[in-house]
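Nothing in this text is a laboratory measurement; each read-out follows from the coordinates by a stated rule. Bear in mind that the values here come from a model prediction, so they are computed numbers and not experimental data. All Cβ positions, even for glycine, are placed from backbone atoms using ideal geometry, and neighbour counts span all protein chains on display.
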Amino acid sequence: MVGLVGEPRTVFEDDPSARFVAAAVTETLVRRDEHDELVPRLAESVPTIENGGLRVVTDDAAASDGRLVATFRLREARWQDGQPITASDVRFAWEQDELAPAGTIVRWMADRIASVEVLSARDFRVLYRNGERWDDYALAPRVLPSHRLAQATAAQRAAYAREPVHAGPFAIAAWLPGSITLSAFKDYVLGPPKLGRLEIHFFSTRAAALQALLKGDIDVAPWPVLEADLAKTLDRFADGTRLLAHYVPTEAMTVPSGSATLSCEKPSSSPSTANRSSMTFSSDGRVYPRPFSFRPIGRPPRRPWRARLRIAIGRAPCWLTLALSKASSGSSSVRTSA
């Protein structure tokens, strides 16, 4: 049972609680892992220069500065309603994202693509815009179920945003005021989740969520329930007897260009101790030594990019700043899995 602060209206809102739910019920073609490497999800592989899936075209009259061209192949995957995921769903998603309001993250991604070409049921080619050079090129395309949304009315689209049928490890079984029940999707492309069900309860304040955690009403309180000073939070709550702090160091974090000071907790070899350090990032492009490194990016639209840490619920990984959970009897360490 998970406790979150604030109940979103839909799964796709630009809201921390909505993003937590979306991470459980939706799936991406490609994502970045904790080592900042691109890894395939719905895609069979990440197109690269080395494997021949990525090319830099310099003889296109419409792209005088050259363009990236990436060819993807989908895994044999299905939507949660049993219909196959196809390359046409990728093109449909891009066409929808091009209609999104300017300044949204999906529009910002879509605007870096010139076109999506369907080659077969599972193969498609992405042509990026003239002169585009972008490390995250593989993150721009995504999928939406065209068989559900292409002819949908405004009311049907609103209902879909509330309870989407997607390709993630969990599906929404029920959404009642104050709580959501997620059920495992047994045909999930990367294998069925280890949990059969996930209960999410929404609280009006962080204090209420933390009290519920201390009383045992919920099992996990992820970010943004705990957000600001990680060191003080650990000192106050994670005493190793009633609560455990779940966190995993990432080898790379993305922050906005500018400057920021981050307080990071780096676990030592002993799960009962931690080394604390404070690091400053500046927009001069400085790269910090591992396990924490930073790289500047352009201004991401309306997205509160933060230093993020990663936990996994069964086989549904989520990017979170910190999570506290009840310590089980005799437990002395925390294990996470991707």
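Tell me whether region 1-72 comes out rounded, prolate or oblate; compute the Cα gyration tensor, take square roots of the eigenvalues as a ≥ b ≥ c, and use a/c under 1.5 as the rounded threshold. In terms of gyration-tensor shape, prolate.
Set against the 2.2 N^0.38 Å expectation for a compact globular protein, region 32-149 has a Cα radius of gyration ratio of 1.06. Ranking L99, I49, L68 by Cα position along the charge dipole of region 32-149, where only Lys, Arg, Asp and Glu carry charges on their C-beta atoms, puts L99 farthest toward the positive end. Charge dipole (Cα centre; +1 on Lys/Arg Cβ, -1 on Asp/Glu Cβ; no other charges) of region 32-149 amounts to roughly 340 debye.
Evaluating 6.51 cos²θ - 1.76 cosθ + 1.60 at θ = phi - 60° for every residue in region 56-72, the Karplus couplings come out as 10, 8, 10, 10, 8, 4, 7, 9, 5, 9, x, 9, 7, 10, 10, 10, 10 Hz, glycine and proline recorded as x. Between amide H atoms placed 1.01 Å from N, distances below 5 Å from F203 occur with L4, V5, G6, all of them 5 or more places distant or on a separate chain. Under a 5 Å amide H to amide H cut-off, with H placed in plane at 1.01 Å, what residues pair with E27 once short-range neighbours are removed? For E27, the qualifying residues are A167, G168. Which shape class applies to region 82-164: rounded if a/c is under 1.5, otherwise prolate when a/b exceeds b/c and oblate if not, where a ≥ b ≥ c are the square roots of the Cα gyration tensor eigenvalues? Because a/c hits 1.5 or more and a/b fails to exceed b/c, region 82-164 counts as oblate. In this Cβ point-charge picture (+1 for Lys and Arg, -1 for Asp and Glu), region 90-169 has a dipole of about 160 debye about its Cα centre.
The alpha carbon gyration tensor of region 30-86 gives principal lengths a ≥ b ≥ c with a/c of 1.5 or higher and a/b no greater than b/c, which makes the shape oblate.
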